[in-house]
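The values are calculated or read from the model by the stated rules, or taken from the named source; none is laboratory data. From a predicted model like this one, the values you see are computed outputs, not experimental measurements. When we count neighbours, we look across all protein chains shown, and the Cβ atoms used for this are built from the backbone with ideal geometry, even at glycine.
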Amino acid sequence: MNRSTDPGPDGRPDLRATLEAAGRRLTRQRAAVYDHLCRADHHPTAEDVYRRVKESIPSISLATVYKALEALVDSGLAARLVAANGSARYDARSDHHYHLRCLRSGAVEDVPTSFDPDLIAKIDPELGPRLASKGFRVTGYRLELVGYFDPPGPGTEGAEDR
Ligand SMILES: [Zn+2]
């Protein structure tokens, strides 16, 4: 991530300075969207963010939330996680980390382990050189574990009866 500013006392980057460095303005809506994203630990969708931010800014529109999220992504303050079905979730954590995705609910969580920058070489030490010989330079990788959380208990909403 391309960070142009040092984190503030709360560990977050300076929102105004980082947005302005990326040619974006800080607006009340963007500040509210970023604040919600930083406090959410479940990688919310734009609709999730919209529902929450609307509680404090009732006049905000879903389109404004989308634009605010894109401004945060473009300036390196957030990451967009796109699922195979095209749906996007947003993550204010911009250090390297792994995700898990529940194939039943679509929920995405951080995996509680440290990021290994050498994992690809551990899988196949020849892979980097082999790809380099084809003209592809590896600059990073993304890893998502997929599976299911334990089935919801009886009476829990969202249970599937298949
Ligand atoms: Zn994450």
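Is it true that some residue in the range 91-109 is within 16 Å of the ligand (Cβ to nearest atom) and farther than 29 Å from Ala32 by Cβ? No, because not a single residue in the range 91-109 is within 16 Å of the ligand (Cβ to nearest atom) and farther than 29 Å from Ala32 by Cβ. Checked against the criterion of being assigned to a helix (DSSP H, G or I), surrounded by fewer than 18 Cβ atoms within 10 Å (Cβ to Cβ) and aromatic (Phe, Trp, Tyr), the range 61-84 contains one or more residues that satisfy it. Among residues of the range 76-103 that are more than 22 Å from Gly11 (Cβ to Cβ) and outside the structural domain of Leu15 (by TED's automatic domain parsing), those with a Cβ under 9 angstrom from a residue that is in a loop (DSSP other than H, G, I, E, B) and within 14 Å of the ligand (Cβ to nearest atom), sequence gap 6+ or separate chain, pair up as Leu100/Ala107; Leu100/Val111; Arg101/Ala83; Arg101/Ala107. Tell me yes or no: at least one residue of the range 66-87 is within 13 Å of the ligand (Cβ to nearest atom) and of a type in the set (Gly, Ala, Ser). Yes, the range 66-87 has at least one match.
Among the residues of the range 24-33, some residue qualifies, meaning at least one is within 15 Å of the chain's Cα centre (by Cα) and at pLDDT 95 or above. Counting residues in the range 93-107 that are touching a helix residue (DSSP H, G or I) at 6+ places or on another chain (Cβ under 8 Å) and surrounded by 14 or more Cβ atoms within 10 Å (Cβ to Cβ) gives zero.
Between Asp48, Asp41, the distinction of being part of a helix (DSSP H, G or I), of a type in the set (D, E, K, R) and within 16 Å of the ligand (Cβ to nearest atom) belongs to Asp48 only.
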